[in-house]
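Remarks on the structure that follows.
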Amino acid sequence: MFILSQFFSFILLAQSPPSWTSADMYLAIRKLNVLGSVLYVAAHPDDENTRLIAYFSKEKMYRTGYMSMTRGDGGQNLIGDEQGVELGLIRTQELLAARRIDGGEQFFSRAFDFGFSKSPEETFTKWDKEKILSDVVWVIRKFQPDVIITRFPTTGEGGHGHHTASAILANEAFTAAADPTRFTEQLKYVRPWQAKRILWNTFNFGNTNTTSETQFKFDVGGYNPLLGKSYGEIAAISRSNHKSQGFGASASRGEAFEYFKTTAGSAPVDDLMDGVDLTWNKVAGAEKISMIVDSVAASFDLLHPERSVKALVRLYQAMNNLPASYWKNKKLDEVKQLIEQCSGLFIEATTNDQFAVQTDSIRINFSFNNRMGSATTLKKVSIDAFDSTLNQIFSRNRNINFGKTLYVPGSKSITQPYWLANKMEEGYYNVSDQQLIGQPDVQPAYVATVTLNIEGQEFNFDKPVKYKFTDPVKGELYEPVTILPAFDVSVAKDVVVYKIGSKEITSQPVLIKANKNLKEKKIYTGDKLIPGSEGSLDKGQLMEIEISQDELTRIDSSKLIETALYYKPAGDMAKSIQKIKYDHIPYINYFKNAVTKTLALKIETYNKKIGYIVGAGDKVPDALEQMGYEVNMISLKELSRNDLGKFDAIITGVRAYNTIEWINNYHDKLMKYVNDGGNLIVQYNTPFRNNPPAIGPYKFEIVNRRVTDENAVITFLKPDHAVMNFPNKITQDDFKGWIQERSIYHAGNFDKNNYETIFSMHDPGENDDEGSLIIAKYGKGFFVYTGLVFFRELPAGVPGAYRLLANIIALNKKKAF
């Protein structure tokens with residue numbers, strides 16, 4: 001797998017080909033004499049200590065890795081409406097972008113982030129502790145760290161159950177990785193490994209200070225003149241890649257100590273690597289290697305790095321003659337990258353099309369340039385079935401360009417993240433291929449292997465084929481290539497709502513898009529051919545068919561009905577490509593099985609016209625339209641200029657008050673709307689650090705209290721209240737089938753004379769909390785704040801969430817009282 005250098009310039013865009021400065025090259029040469037490694041372990045993207053990773057990688061020059069138990073699938077999304085698996089895909093790419101800045105390598109376990117957990121015991125009921133422990137052991141055995149560091153302790157001060165679980169797993173894996181009787185199936189590929197020590201990187205977060213001057217500590221706040229940044233400055237750039245979580249960070253300069261407690265192994269006294277040999281002495285027969293490296297470093301010319309290529313080739317040959325070992329392989333890879341970069345070689349394989357279609361063809365363009373004039377011959381290029389012997393000498397700074405059209409066989413797999421290839425379990429991804437576990441990213445659709453002879457030595461360079469294009473604003477861009485099926489089958493709506501009692505026959509619109517010219521296509525539900533799905537289509541042509549669901553008229557209770565679509569009778573499931581695009585990460589494409597979801601719903605609705613103020617992004621407006629409401633998005637212009645009285649209810653999207661500055665300027669107008677008879681419904685916001693805005697007509701605070709058990713018992717405090725009875729009678733059945741959690745970021749310290757509470761709920765071992773839904777009568781209208789997770793339950797098709805939201809929307813109807 002192609003890995004970017006740890007010294008790769010941090011200003012380079014993630015999508016661009018690697019290109020080092022002479023400073024990067026010099027640092028990489030010095031790194032060749034450091035044979036030490038550190039693995040940092042935590043639970044989520046954004047848990048890692050980016051300053052410490054940058055310090056280890058760029059100052060101490062250790063091979064540095066970060067293992068995140070999860071891909072962050074269960075967090076909240078500040079930049080869009082993606083949730084679950086899609087949010088995990090975004091956060092995976094943000095984490096990889098962070099590693100390109102701070103120089104670390106990235107690993108994951110199979111664990112799924114199922115949302116906030118209050119204890120490791122709860123976490124392990126879903127993660128399958130033994131499976132996830134095996135993943136940590138696997139990464140340790142492959143990476144062979146000398147030192148392991150955890151972000152969190154095993155004793156719970158980290159708060160989140162996932163945090164504590166990550167530390168428990170790391171500490172158990174510290175011992176298990178060295179035990180040849182544990183996870184023996186891995187020993188086909190790796191050997192047992194015993195790290196020297198494992199430490200907890202203590203912290204001072206908020207009101208929790210776990211550091212002490214008696215702990216082992218060292219300063220990581222230094223400045224690297226070759227990079228022109230302090231490690232605090234590099235860390236801030238790295239951490240600011242976690243944009244979906246709103247973790248933009250300010251740079252720090254000056255002295256900065258990190259503190260540690262040893263949890264197993266020998267405690268360090270003078271240095272983190274006490275007792276660890278960091279030199280070539282640990283490799284048999286390598287006594288002269290360090291002197292050769294020192295000689296290359298001493299003679300390195302920053303203006304003419306190509307003058308070091310001959311010496312680097314001799315170094316490569318000397319290393320290659322050593323007996324097989326872990327460090328031999330790692331350092332050979334590093335020298336090979338150095339030879340490529342010092343030579344100034346430009347090696348590129350690109351396409352003009354983002355997509356390659358099964359049973360169609362794709363043209364791949366190859367481009368080469370020997371920019372610094374080293375003695376180089378292009379021997380051959382191979383990719384899939386194409387293999388061409390060239391034996392062409394590279395002239396200095398002359399372009400060599402050619403192209404090859406490749407057939408894409410139907411057997412070539414579509415480009416799917418490996419962790420999504422199989423149906424997942426509740427708490428972890430189902431990955432059966434041992435060698436894929438831990439791998440951070442999607443396998444490239446195509447990898448070109450370019451064989452070059454440089455100064456008499458042959459090298460193979462693997463280059464992922466990229467889609468290359470020029471954006472009129474952003475300029476030249478590179479994005480991943482995706483393999484598509486011959487045609488795409490997509491369901492027009494995530495969930496179609498059918499109101500029980502309606503005499504109209506509901507149909508599900510399904511879209512078929514031809515990715516190539518099709519002579520024939522057919523779509524089935526089970527063994528039944530869908531009428532109208534047969535026939536031919538031209539490439540790019542879109543066809544809509546309707547799947548009739550007349551059986552819904554015979555249903556008398558709320559139920560979510562799922563229907564899978566197939567390419568052939570009960571065969572391979574039809575696929576629908578999903579696209580995620582943000583400027584700060586590469587394009588993300590993945591495939592979902594084409595499944596129609598129809599919610600047969602026993603529901604009544606009152607009020608018609610909804611104004612919606614979009615916050616961080618959610619899919620609630622789509623669900624409202626499915627319920628039969630007319631939804632109008634309220635922008636700054638709409639809110640500032642127009643009469644709000646035309647809306648029966650106004651709803652603010654998740655985290656609207658966290659993300660929209662202008663909404664705070666219209667508090668008085670919104671309160672007048674309520675006073676005049678409106679209904680303002682505010683979905684959850686996160687607590688405000690300073691100067692919390694006025695949100696409701698009476699005082700309340702948003703606090704970090706939540707109920708994470710999606711099956712938590714709900715106590716009805718006011719069963720006779722309108723919100724429980726009109727227009728739908730809310731019962732305990734309406735709280736069945738919820739996903740991930742009940743409620744987050746509750747109301748607290750509220751004016752109990754003016755706010756009514758409706759529900760009480762709690763997680764195991766905790767006291768009841770009434771802040772999930774508060775309602776105030778104000779003038780002729782109503783104000784509601786709720787932490788109930790409608791933004792998760794509605795897209796998931798949970799019937800009770802629809803019914804309860806309909807009642808909240810109907811609060812200001814006279815008939816309700």
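Miscellaneous remarks
- Scanning region 495-514 turns up at least one residue that is assigned to a loop (DSSP other than H, G, I, E, B), open to solvent by 30 Å² or more (accessible area, probe 1.4 Å) and at positive phi.
- Residue list for region 101-146, filter: open to solvent by less than 10 Å² (accessible area, probe 1.4 Å) and on the phi > 0 side of the Ramachandran plot: 103, 115
- Residue that is least open to solvent (accessible area, probe 1.4 Å), among those in region 194-209 that are within 14 Å of residue 39 (Cβ to Cβ) and not in a strand (DSSP E or B): 195
- Listed by first and then second residue, the pairs with beta-carbon distance under 8 Å, at least 6 apart or on different chains, first residue in region 148-168 and closer than 17 Å to residue 46 by Cβ and aromatic (Phe, Trp, Tyr), second open to solvent by 10 Å² or more (accessible area, probe 1.4 Å) and modelled with pLDDT under 95, are 152/47; 152/158.
Quick grid of which residues meet (1) modelled with pLDDT of 95 or more; (2) within 30 Å of residue 231 (Cβ to Cβ):
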site: 80; (1), (2): no, no
site: 93; (1), (2): yes, yes
site: 110; (1), (2): yes, no
site: 115; (1), (2): no, no
site: 127; (1), (2): yes, no
site: 130; (1), (2): yes, no
site: 133; (1), (2): yes, no
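- Of the residues making up region 234-250, just one is farther than 17 Å from residue 585 by Cα, open to solvent by 30 Å² or more (accessible area, probe 1.4 Å) and not polar (S, T, N, Q), namely 249.
- Of all residues in region 594-624, those satisfying the criterion of being of a type in the set (D, E, K, R) and either closer than 20 Å to residue 84 by Cα or open to solvent by less than 40 Å² (accessible area, probe 1.4 Å) (or both) are 597, 618, 619, 622.
- Among the residues examined, residue 720 does not qualify as in a helix (DSSP H, G or I), open to solvent by 10 Å² or more (accessible area, probe 1.4 Å) and farther than 23 Å from residue 655 by Cβ.
- Among the candidates 802, 778, residue that is open to solvent by 10 Å² or more (accessible area, probe 1.4 Å), of a type in the set (Ser, Thr, Tyr) and either in contact (Cβ under 8 Å) with a residue 24 or more places away in the chain or at negative phi (or both): 778
- Yes/no for residue 723 being within 24 Å of residue 117 (Cα to Cα) and touching a residue at least 40 places away in the same chain (Cβ under 8 Å): no
- Filter pass, residue 482 being surrounded by fewer than 16 Cβ atoms within 10 Å (Cβ to Cβ) and at pLDDT 95 or above: no
- Set 566, 606: member being in contact with a strand residue (DSSP E or B) (Cβ under 9 Å, 6 or more places away or on another chain), at pLDDT below 95 and of a type outside the set (D, E, K, R): 566
- Residue match in region 458-478 (condition: of a type outside the set (Val, Ile, Thr), touching a helix residue (DSSP H, G or I) at 6+ places or on another chain (Cβ under 8 Å) and at positive phi): no
- Considering region 621-698, the qualifying helices (runs of 4 or more DSSP H), each wholly inside and each with 3 or more residues that are at pLDDT 95 or above and not aromatic (Phe, Trp, Tyr), run over 667-675.
- Considered as a group, the residues in region 52-79 that are touching an Asp or Glu at 6+ places or on another chain (Cβ under 9 Å) and open to solvent by 10 Å² or more (accessible area, probe 1.4 Å) include one that is nearest to residue 102 (Cα to Cα), and that residue is 55.
- When every residue of region 637-656 is checked against the conditions, none turns out to be open to solvent by 50 Å² or more (accessible area, probe 1.4 Å), aliphatic (A, V, I, L, M) and more than 20 Å from residue 77 (Cα to Cα).
Matching residues to (1) under 27 Å from residue 61 (Cα atoms); (2) of a type outside the set (Lys, Arg); (3) modelled with pLDDT under 95:
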residue: 139; (1), (2), (3): yes, yes, no
residue: 143; (1), (2), (3): yes, yes, no
residue: 148; (1), (2), (3): yes, yes, no
residue: 153; (1), (2), (3): yes, yes, no
residue: 159; (1), (2), (3): no, yes, yes
residue: 170; (1), (2), (3): yes, yes, no
residue: 178; (1), (2), (3): yes, yes, no
residue: 181; (1), (2), (3): no, yes, no
residue: 198; (1), (2), (3): yes, yes, no
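- Among strands (runs of 3 or more DSSP E) entirely within region 349-455, having at least 3 residues that are open to solvent by less than 60 Å² (accessible area, probe 1.4 Å), of a type in the set (Ser, Thr, Tyr) and over 23 Å from residue 593 (Cα atoms) singles out 376-383.
- The set of residues from region 515-531 being open to solvent by 40 Å² or more (accessible area, probe 1.4 Å) and more than 35 Å from the chain's Cα centre (by Cα) comprises 519, 520, 527, 528, 529, 531.
- Residue within region 364-376 that is on the phi > 0 side of the Ramachandran plot and in contact with a helix residue (DSSP H, G or I) (Cβ under 9 Å, 6 or more places away or on another chain) present: yes
- Top-ranked residue in region 583-593 [being open to solvent by 30 Å² or more (accessible area, probe 1.4 Å) and in contact with an Asp or Glu (Cβ under 9 Å, 6 or more places away or on another chain); ranked as modelled with the lowest pLDDT]: 584
- Residue list for region 532-556, restricted to those being open to solvent by less than 60 Å² (accessible area, probe 1.4 Å) and on the phi < 0 side of the Ramachandran plot: 533, 537, 543, 545, 547, 549, 552, 555
- All conditions but one from (1) crowded, with 16+ Cβ neighbours inside 10 Å; (2) closer than 30 Å to residue 500 by Cβ apply to residue 630; the one that does not is (1).
- Meets criteria (out of contact with any strand residue (DSSP E or B) (no Cβ under 9 Å at 6 or more places or on another chain) and either over 23 Å from residue 700 (Cβ atoms) or open to solvent by 10 Å² or more (accessible area, probe 1.4 Å) (or both)) for residue 767: yes
- If you filter region 221-263 down to residues that are in contact with a Leu (Cβ under 9 Å, 6 or more places away or on another chain) and of a type in the set (A, V, I, L, M), you find that the one that is farthest from residue 78 (Cα to Cα) is 226.
- Top-ranked residue of region 524-566 - restricted to ones that are outside any loop (DSSP other than H, G, I, E, B) and among the charged types (D, E, K, R), ranked as farthest from residue 491 (Cα to Cα): 554
- Residue match in region 298-306 (condition: open to solvent by less than 30 Å² (accessible area, probe 1.4 Å), out of contact with any Ser or Thr (no Cβ under 7 Å at 6 or more places or on another chain) and either closer than 30 Å to residue 616 by Cβ or of a type outside the set (Lys, Arg) (or both)): no
- Subset of region 134-184 (residues that are among the polar types (S, T, N, Q), farther than 25 Å from residue 278 by Cα and in a loop (DSSP other than H, G, I, E, B)): 154, 155, 181
The values are calculated or read from the model by the stated rules, or taken from the named source; none is laboratory data. These numbers come from a predicted model, not from an experiment. Here the Cβ is made from the backbone with ideal geometry for all residues, glycine too, and neighbour counts use every protein chain on show. Remember, those area values only see protein heavy atoms, side chains included, never the ligands or the DNA or RNA. Shrake-Rupley method; radii C 1.70, N 1.55, O 1.52, S 1.80 Å.
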